[in-house]
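Novice: Take a look at this one; I'll ask things after.
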Amino acid sequence: MSESIPLHAYDLIDELAERYPEVIYDPRMDREEFLLRQGERRLVLSLIRRRQLDDETPHVHG
């Protein structure tokens, strides 16, 4: 099974949001793994926020 790369940035952000869900700390989890997953999720959330800001900003094409 081959996975295709989304052609649109918004589709890629949606796919990343699915692949990197919210991370809830579990004391039994390796701390480094938790920090890595938490960082990945923060990156996805920042992409989502930037997309929302971009959607709200009127674009002037000249």
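Yes or no, residue by residue, for (1) among the hydrophobic types (A, V, I, L, M, F, W, C); (2) surrounded by 10 or more Cβ atoms within 10 Å (Cβ to Cβ); (3) touching a residue at least 40 places away in the same chain (Cβ under 8 Å); (4) in contact with a Ser or Thr (Cβ under 8 Å, 6 or more places away or on another chain):
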residue	(1), (2), (3), (4)
ILE5	yes, no, no, no
ASP11	no, yes, no, no
ASP26	no, no, no, no
ARG31	no, no, no, no
ARG42	no, yes, no, no
LEU45	yes, yes, no, no
ILE48	yes, yes, no, no
ASP54	no, yes, no, no
PRO58	no, no, no, no
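Novice: Give the number of residues within the stretch 13-24 that are among the hydrophobic types (A, V, I, L, M, F, W, C) and either exposed (fewer than 10 other Cβ atoms within 10 Å of the Cβ) or on the phi > 0 side of the Ramachandran plot (or both).
Specialist: The total comes to 1.
Novice: I'm trying to understand the selection: among the residues of the stretch 9-29, which are hydrophobic (A, V, I, L, M, F, W, C), within 14 Å of LEU47 (Cα to Cα) and touching a helix residue (DSSP H, G or I) at 6+ places or on another chain (Cβ under 7 Å)?
Specialist: As a first pass, look at the stretch 9-29 and keep what is hydrophobic (A, V, I, L, M, F, W, C): 9, 12-13, 16-17, 23-24, 29.
Filter once more, so that each one left must be within 14 Å of LEU47 (Cα to Cα): 9, 12-13, 16-17.
Passing the criteria: ILE13, LEU16, ALA17.
Novice: Can you find, within the stretch 6-22, the residue that is farthest from the chain's Cα centre (by Cα) among those that are modelled with pLDDT under 90 and outside any helix (DSSP H, G or I)?
Specialist: Taking the candidates together, the pick is LEU7.
The values are calculated or read from the model by the stated rules, or taken from the named source; none is laboratory data. Quantities reported herein were computed from a predicted structural model and do not represent experimental measurements. In this analysis, Cβ positions are derived from the backbone assuming ideal geometry, glycine residues included, and neighbour counts consider all displayed protein chains.
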